[in-house]
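Down below is the structure, laid out as structure tokens.
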Amino acid sequence: MTAAGEPLAVVGGPTVVVDTCSKWYGAVLGVSDISWKLEGGVVGLLGPNGAGKSTLIKLMAGLLAPSRGTLRVYGADPFQDVDVRARIGYAPEHEAAWDELTALELVTTMARLAGVPANRADKAAKDALAQVGMTASMQRPVRGFSKGMRQRTKLATTIAHDPDFLLLDEPLTGVDPMARIDIIAQIEALAKAGKTIVVSSHVLYEVEALTEDILVMYRGQQLASGNVYGIRQLIDRRPHTIRIESPDPRALAAMMAATDHVARLIFERGAVIIETRDPDRCYDDLSAAVLERGIPISAMTSPDNNLGAVFEYLTTDARGAS
């Protein structure tokens, strides 16, 4: 508990502050020297299986204490402070639900365990199940649920006590495309309601659908954090790929070949792929091709401006350094 007279949270401060935090299990490293600050909104925690994502989430949830360094949620230690833990909703990757319970019984029980008074827990559970689209199935036993229904029910257990900070560990694992769309929409709605949310995933396009703010982890270490496009600038020393569709790709390629920033040109049917060492200049030159030379361009995409490319570049560097 917080000391008498001590504020529970730093007003206007960040939700999470992690300072050179490490956690190990005997000789096994969970996370190593993580320093990170989460101001609010939705943040994607990215990395392959075994990267340390779940360990970091459990540290933020107050389920683990750091082996070294500090971690604060709303200005307090979540491992020690019961009041802070009450403001956190945690959905683990692997659940061990009481499958004989109905969804309503399960969510009501979890709401009670999270501190919701007995006379309000039933309504809180019904409201949470309605929020995730499970009202019609709330009287059914959990054992008969599909993976998508189980994930939605788990999300309901996470939000039933109306926490301010949500930790969702792989919430989209194993769900079908329609359930994925529904769960993403529910997470977006929670964010619009003012919740701070950490969503972990090793599937990059899932997080890309939710946020541009990411923390990339690999083998327990923090590779990069921030806006995905800001992180992309860290790796612009590598050639940047731009694909341009045009009815006259050879005219476009001839113009771009005359510049000193183009490293390679690759032709496809109705398109040319440009690898450039200076993306800003390349985009300027492409604009000039259209406006000054009248070369038609029907579409332009950059596969390097997505999370997949960022993750691949960063983890390739990490593997090379290890």
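The values are calculated or read from the model by the stated rules, or taken from the named source; none is laboratory data. The structure displayed is predicted, hence computed values, not measured ones. Cβ sites come from the backbone with ideal geometry, for glycine too, and all protein chains shown count toward neighbours. Ligands, DNA and RNA are stripped out before the accessible areas are found, and what is left, the full protein with its side chains, is counted by its heavy atoms. Shrake-Rupley method; radii C 1.70, N 1.55, O 1.52, S 1.80 Å.
Values as computed for the structure displayed
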| read-out | value |
| --- | --- |
| Verdict on Ala91 being over 22 Å from the mean Cα position of the chain (by Cα) and small (Gly, Ala, Ser) | no |
| For Thr211: the one exception among (1) among the β-branched types (Val, Ile, Thr); (2) touching a residue at least 60 places away in the same chain (Cβ under 8 Å); (3) outside any loop (DSSP other than H, G, I, E, B); (4) under 30 Å from Ser146 (Cβ atoms) | (3) |
| Residue pairs meeting the criteria (Cβ under 6 Å; at least 6 apart or on separate chains; first of a type in the set (A, V, I, L, M), in the stretch 253-279; second exposed (fewer than 15 other Cβ atoms within 10 Å of the Cβ) and not in a helix (DSSP H, G or I)) | Ile273/Ile266 |
| Residue in the stretch 36-48 that is under 15 Å from Leu215 (Cα atoms), assigned to a loop (DSSP other than H, G, I, E, B), aliphatic (A, V, I, L, M) and at pLDDT below 95 present | no |
| Pairs where the first residue, in the stretch 86-114, is touching a residue at least 40 places away in the same chain (Cβ under 8 Å) and the second is open to solvent by 40 Å² or more (accessible area, probe 1.4 Å) and of a type in the set (Ser, Thr, Tyr), C-beta under 8 Å, 6+ apart | Glu93/Thr173; Trp98/Thr109; Leu101/Thr109 |
| Of residues in the stretch 279-296 being farther than 30 Å from Gly47 by Cβ and buried (at least 17 other Cβ atoms within 10 Å of the Cβ), the one modelled with the lowest pLDDT | Ala289 |
| Hey, Glu275 at pLDDT 90 or above, within 30 Å of Met217 (Cβ to Cβ), under 36 Å from the mean Cα position of the chain (by Cα) and acidic (Asp, Glu) or not | yes |
| One residue from Ile197, Ile231, Ile214, Ile184 being open to solvent by less than 30 Å² (accessible area, probe 1.4 Å), closer than 21 Å to Ala125 by Cβ and β-branched (Val, Ile, Thr) | Ile197 |
| Candidate set from the stretch 116-153 (those that are assigned to a loop (DSSP other than H, G, I, E, B) and touching a strand residue (DSSP E or B) at 6+ places or on another chain (Cβ under 9 Å)); member that is least open to solvent (accessible area, probe 1.4 Å) | Met138 |
| In the stretch 154-164, residue nearest to Ala111 (Cα to Cα) [restricted to those that are out of contact with any helix residue (DSSP H, G or I) (no Cβ under 6 Å at 6 or more places or on another chain) and open to solvent by 30 Å² or more (accessible area, probe 1.4 Å)] | Asp162 |
| Lys23 being under 18 Å from Arg219 (Cα atoms), modelled with pLDDT of 95 or more, surrounded by 13 or more Cβ atoms within 10 Å (Cβ to Cβ) and under 16 Å from the mean Cα position of the chain (by Cα) | no |
| Flag if Thr241 is more than 30 Å from Ile34 (Cα to Cα), open to solvent by 20 Å² or more (accessible area, probe 1.4 Å), modelled with pLDDT of 85 or more and of a type in the set (Ser, Thr, Tyr) | yes |
| Residue match in the stretch 59-79 (condition: within 20 Å of Gly13 (Cβ to Cβ), surrounded by fewer than 17 Cβ atoms within 10 Å (Cβ to Cβ) and in contact (Cβ under 8 Å) with a residue 40 or more places away in the chain) | yes |
| Any hit, the stretch 158-169, residues being among the polar types (S, T, N, Q) and touching a Ser or Thr at 6+ places or on another chain (Cβ under 8 Å) | no |
| Given (1) modelled with pLDDT under 80; (2) under 30 Å from Gly220 (Cβ atoms), index of the condition Ser302 fails | (2) |
| Residue match in the stretch 254-263 (condition: open to solvent by less than 10 Å² (accessible area, probe 1.4 Å) and under 15 Å from Ser302 (Cα atoms)) | no |
| Residue match in the stretch 166-178 (condition: surrounded by fewer than 16 Cβ atoms within 10 Å (Cβ to Cβ), free of Cβ contacts under 8 Å to residues at least 60 places away in the same chain and over 22 Å from Gly47 (Cα atoms)) | yes |
